[in-house]
Amino acid sequence: MLARAARLILPALWLGLIIGISLIETPLKFQAPGMTVPLGLGIGRLVFAAMNIVEGVVALLLLLAVYRSRAPRPERVLAIAVAAVLALKALVIRPMLHGTTDAVVAGASEGGSGLHYLYIAADGLLIVGLAVLLVLAARSLLGAAREERPSRS
């Protein structure tokens, strides 16, 4: 029962994390009075490192929940896909961004790397994937609940 509930709770939590940090906090941070690009990038590096750790834990728990509850194949495949996008984002794209952000923080560059667009695209894929995963999980769980209800004759 817990694994089935986690199939709804975990993608919603993960989606909320991405919306809160990537879509709300990050753009607003650079509008704060006195915020410089190097300072914003330094803060962002800390925040996104922590976020990626939390995302990794949520992704592992989600994969476990999907398999423990015997979720339908489309849901399992999509859960693996969003975990793969996270791995790409955290293990490939973020490390590639370190050189760019190091140069900006050190004052050697003004920034503007196209690599940030890859990170944004990965977050976009995660947002879409997690939203679809929520719909699939809700449909599956509602169908299972209907089947478990005793029929009234």
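The values are calculated or read from the model by the stated rules, or taken from the named source; none is laboratory data. Treat the numbers as computed from the prediction; the structure is a model and nothing was measured. Note that each Cβ is placed from the backbone with ideal geometry, even for glycine, and that neighbours are counted across all protein chains shown.
Structure summary
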item	result
Unique residue being of a type in the set (A, V, I, L, M), surrounded by 10 or more Cβ atoms within 10 Å (Cβ to Cβ) and at pLDDT below 80 when the list is Ala138, Ala121, Ala144, Ala103	Ala144
Arg146 vs. criteria more than 21 Å from Phe48 (Cβ to Cβ), part of a helix (DSSP H, G or I), over 19 Å from the mean Cα position of the chain (by Cα) and not β-branched (Val, Ile, Thr)	yes
Subset of segment 122-140 that is touching a residue at least 40 places away in the same chain (Cβ under 8 Å) and more than 14 Å from Leu10 (Cα to Cα) - its residue that is farthest from the chain's Cα centre (by Cα)	Ser140
Among (1) surrounded by 15 or more Cβ atoms within 10 Å (Cβ to Cβ); (2) more than 19 Å from the chain's Cα centre (by Cα) - the single one Met35 does not satisfy	(1)
Index of the failed condition, Arg94 passing every other in (1) within 21 Å of Ile9 (Cβ to Cβ); (2) assigned to a helix (DSSP H, G or I); (3) of a type in the set (Lys, Arg)	(1)
Residue check for Glu25: under 16 Å from the mean Cα position of the chain (by Cα), farther than 22 Å from Leu141 by Cβ, surrounded by fewer than 16 Cβ atoms within 10 Å (Cβ to Cβ) and at pLDDT below 95	yes
